[in-house]
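This report refers to the structure that appears directly beneath it.
The values are calculated or read from the model by the stated rules, or taken from the named source; none is laboratory data. Quick caveat, the model's predicted, so the values are computed rather than measured. Don't worry about glycine lacking a Cβ; one is built from the backbone with ideal geometry, like all the others, and counts go over all protein chains shown. Surface accessibility is based on the protein's heavy atoms, side chains included, excluding ligands, DNA and RNA. Shrake-Rupley method; radii C 1.70, N 1.55, O 1.52, S 1.80 Å.
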Amino acid sequence: MKRILITGAAGFIGSHLCDRFIAEGHEVIAMDNLITGDLKNIKHLFPLERFTFYNHDVTNFVYVPGKLDYILHFASPASPIDYLKIPIQTLKVGALGTHNLLGLAKEKKARFMIASTSEIYGDPLVHPQTEEYYGNVNTIGPRGVYDEAKRFQESITMAYHRFHGLDTRIVRIFNTYGPRMRLNDGRVIPAFMGQALRGEDLTVFGDGSQTRSFCYVDDEIEGIYRLLMSDYTHPVNIGNPNEITIKDFAEEIIKLTGTDQKIIYKPLPKDDPMQRQPDITKAKEILGWEPKVGREEGMRKTFEFFKGLSTEELEKTEHRDFTAHNKK
Ligand SMILES: NC(=O)c1ccc[n+]([C@@H]2O[C@H](COP(=O)([O-])OP(=O)(O)OC[C@H]3O[C@@H](n4cnc5c(N)ncnc54)[C@H](O)[C@@H]3O)[C@@H](O)[C@H]2O)c1
């Protein structure tokens with residue numbers, strides 16, 4: 001049995017990681033300051049002896065008694081709406097938080113993994129994005145707080161690997177979706193599903209010709225797990241290469257939800273990437289991994305989750321508004 005620290009454990013991906021490691025028979029120490037996460041995502045694990053929760057902000061010194069085999073640093077605001085609201089915390093959790101946790105990993109001789117992102121490629125000039133592409137990021141734009149925090153996170157992780165010989169892994173996660181996403185996190189899937197459930201028209205930013213590739217959470221977790229268990233220390237893209245325009249996607253959602261809503265168009269947020277598609281050759285070759293869940297099946301399961309939310313939860317959802325994003 002391994003002992004694993006997972007930060008960001010009360011969030012969307014973090015909570016699914018907790019489930020996976022518990023299911024594998026390990027002991028999980030979950031850490032989160034609940035800034036964007038919710039205890040309801042992990043409350044089913046509370047009765048288990050192999051599960052402990054620490055309410056802690058990882059930008060402060062992190063102390064965990066006893067041995068640790070793996071540290072997975074997944075804490076970070078993760079959606080444009082979140083990092084617009086809390087830009088300084090976003091930079092701090094990527095920089096100070098990562099530094100604190102690397103120190104802990106060094107002390108415990110634990111394997112260390114960070115959740116990096118396709119955002120490190122910025123608005124990419126290379127398509128699809130391979131791990132060798134360095135990216136096209138606006139350092140001072142509104143998204144810069146997230147993109148640069150994640151780029152710094154990769155740099156400091158590699159520095160600990162090279163300088164201290166720390167055993168490290170870097171997963172570059174592309175858009176992931178599934179149950180436990182937050183309705184109001186501003187990402188396109190919960191936004192469309194929330195609008196469909198409230199009987200509102202679906203908002204597309206720009207003309208909808210921008211593309212995204214969505215990976216179902218079970219596939220993403222499998223890729224992360226395999227990377228952690230591998231001996232590969234350079235970044236690996238984990239995402240679904242099946243690309244779709246936002247306009248076509250909105251139409252799929254209207255069909256799936258059985259609603260007769262229209263699509264309405266609003267101005268594109270600043271620095272919104274026009275194309276996103278992972279090149280997963282490395283993941284296939286090194287990890288023998290590729291996504292298995294098709295968009296139709298994944299979206300159906302996700303919609304079932306959102307349908308299960310109370311009317312109160314549906315109604316308190318804020319509308320996506322990127323106006324502040326576009327200010328200089
Ligand atoms: N969901 C995606 O599509 C996606 C894509 C690329 C990368 N990622 C990365 O995966 C990780 C998880 O993303 P998610 O979608 O689950 O987001 P999420 O917002 O659901 O989860 C993030 C969690 O981190 C916690 N957190 C934030 N700052 C913290 C701090 N200072 N101390 C302790 N806890 C803190 C939040 O409370 C939340 O529970 C993030 O690092 C994100 O950057 C996610």
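Figures for the structure shown
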read-out	value
Percentage relative contact order, the chain, counting C-alpha pairs under 8 Å, at least six apart	17
Distance (nanometres) between label positions extended 7 Å along Cα→Cβ at Asp201 and Met229	4.9
Whole-Å distance, taken between Cα centres, linking the range 32-73 and the range 127-186	21
Beta bridges per DSSP with both ends in the chain, % antiparallel, nearest 5	10
Gain upon complete extension [Asp69, Lys85; 0.36 nm per residue less C-alpha separation]	2.3 nm
Label point 7 Å beyond Cα of Glu290 along Cβ direction - residues of the range 125-155 with amide nitrogen under 13 Å	none
Gain on full stretching of the segment that runs from Asn138 to Phe61 - 0.36 nm per residue minus C-alpha separation	24.7 nm
Percentage relative contact order, the range 116-170, counting C-alpha pairs under 8 Å, at least six apart	32
Antiparallel content of DSSP bridges confined to the range 1-130, in %, to 5	0
Helix-only [θ]222 nm of the chain, DSSP H runs n ≥ 4, -39500 (n - 2.57) each, per residue, nearest 500	-10000 deg cm²/dmol
Helix 217-229 vs. the chain, principal-axis angle (Cα, 0 to 90°, nearest 10)	20
Zone residues, the range 163-197, relative to Lys262, backbone N less than 20 Å from point 7 Å out along Cα-to-Cβ	192-197
Nearest 10 degrees, 0 to 90: helix 188-198 Cα axis against the chain principal axis	50
Ratio of Rg to Rh over the chain (Cα coordinates, Kirkwood Rh, two decimals)	0.94
Karplus-derived 3J(HN,Hα), 6.51/-1.76/1.60, for each residue of the range 127-134, Hz, glycine and proline x	9, x, 8, 9, 5, 7, 6, 7
Long-range HN-HN contacts of Phe112 with modeled amide H, under 5 Å	Ile71, Asp167, Thr168, Arg169
Alpha-carbon centroid distance for the pair the range 218-244 / the range 261-294, whole angstrom	14
Accessible area in square angstrom per residue, the chain, 1.4 angstrom probe	43
